[in-house]
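Novice: Dropping the structure in here first, questions after.
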């Protein structure tokens with residue numbers, strides 16, 4: 001557990017780069033990244049039944065499972081869901097009960113838990129990755145969840161707050177208690193922000209309109 005609240009640093013890079021994304025209707029394309037020649041890398045297969053339009057992909061730390069957030073069929077408004085498949089599967093299965101507007105997800109470092117945030121309800125579902133069943137929930141305010149990030153030892157769950165633009169830090173080892181809410185003074189009106197941890201888990205990189213912010217997770221005295 002942290003000894004003190006995280007601190008915020010801010011910078012505006014001269015050059016920003018967004019990662020390439022590939023979406024294929026109702027399909028996930030598998031690419032061999034160990035191909036020795038230069039890109040384009042060859043496709044090694046496809047996975048079916050991953051929703052209508054996949055738009056977010058998360059791979060478990062051990063590489064055995066792939067989780068996808070995708071648009072799902074609805075007679076009314078826009079809805080999304082979560083699908084999962086193993087590295088040897090040709091078809092995905094939907095994880096049920098996680099809400100109608102899944103915004104983000106992350107897997108714990110030990111591969112045992114999947115955290116899924118539903119924007120509409122404000123509920124974060126805790127999934128047992130062995131059974132794909134909900135074993136716990138974390139209630140936040142409705143329409144506040146942006147991105148979710150788990151720290152390297154799995155003890156902290158960081159949630160980007162769409163309304164306050166803060167980073168809310170939850171303790172996964174003690175009933176998911178809210179430890180800190182770190183203000184960023186960011187503006188995120190143009191898009192839903194994203195976050196990623198540094199490899200050592202000491203800094204959280206947080207995108208906002210026109211800039212990137214860095215939150216230090218090193219304990220303060």
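The values are calculated or read from the model by the stated rules, or taken from the named source; none is laboratory data. All values derive from a computational prediction rather than experimental measurement. So basically every Cβ, Gly included, is an ideal-geometry build from the backbone, and we count neighbours across all protein chains shown.
Novice: Looking at this structure, is residue 64 in contact (Cβ under 8 Å) with a residue 12 or more places away in the chain, touching a strand residue (DSSP E or B) at 6+ places or on another chain (Cβ under 7 Å) and surrounded by 16 or more Cβ atoms within 10 Å (Cβ to Cβ)?
Specialist: No.
Novice: If residue 168 satisfies all but one of (1) at pLDDT 90 or above; (2) farther than 14 Å from residue 216 by Cα, what's the number of the condition it fails?
Specialist: It fails just one condition, (2).
One line per residue, one yes/no per condition, for (1) under 15 Å from residue 128 (Cα atoms); (2) at pLDDT 90 or above; (3) out of contact with any strand residue (DSSP E or B) (no Cβ under 9 Å at 6 or more places or on another chain); (4) surrounded by fewer than 21 Cβ atoms within 10 Å (Cβ to Cβ):
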site	(1), (2), (3), (4)
77	no, no, yes, yes
80	no, yes, no, no
83	yes, yes, no, no
87	no, no, no, yes
90	no, no, no, yes
93	yes, yes, no, yes
98	yes, yes, no, no
102	no, yes, no, no
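Novice: Continuing with this model, one more query. Which of the residues spanning the stretch 179-209 are at pLDDT below 80 and over 18 Å from the mean Cα position of the chain (by Cα)?
Specialist: Within the stretch 179-209, 184, 185, 186, 187, 189, 190, 209 qualify.
Novice: Six or more apart or on different chains, Cβ atoms under 8 Å: show the pairs whose first residue is in the stretch 43-56 and at positive phi and crowded, with 16+ Cβ neighbours inside 10 Å and whose second is modelled with pLDDT of 85 or more and not in a strand (DSSP E or B).
Specialist: Close Cβ pairs satisfying both conditions: 49/92; 51/72.
Novice: Looking for something in contact with a strand residue (DSSP E or B) (Cβ under 7 Å, 6 or more places away or on another chain) and under 20 Å from residue 211 (Cβ atoms) - is there at least one such residue anywhere in the stretch 123-146?
Specialist: yes
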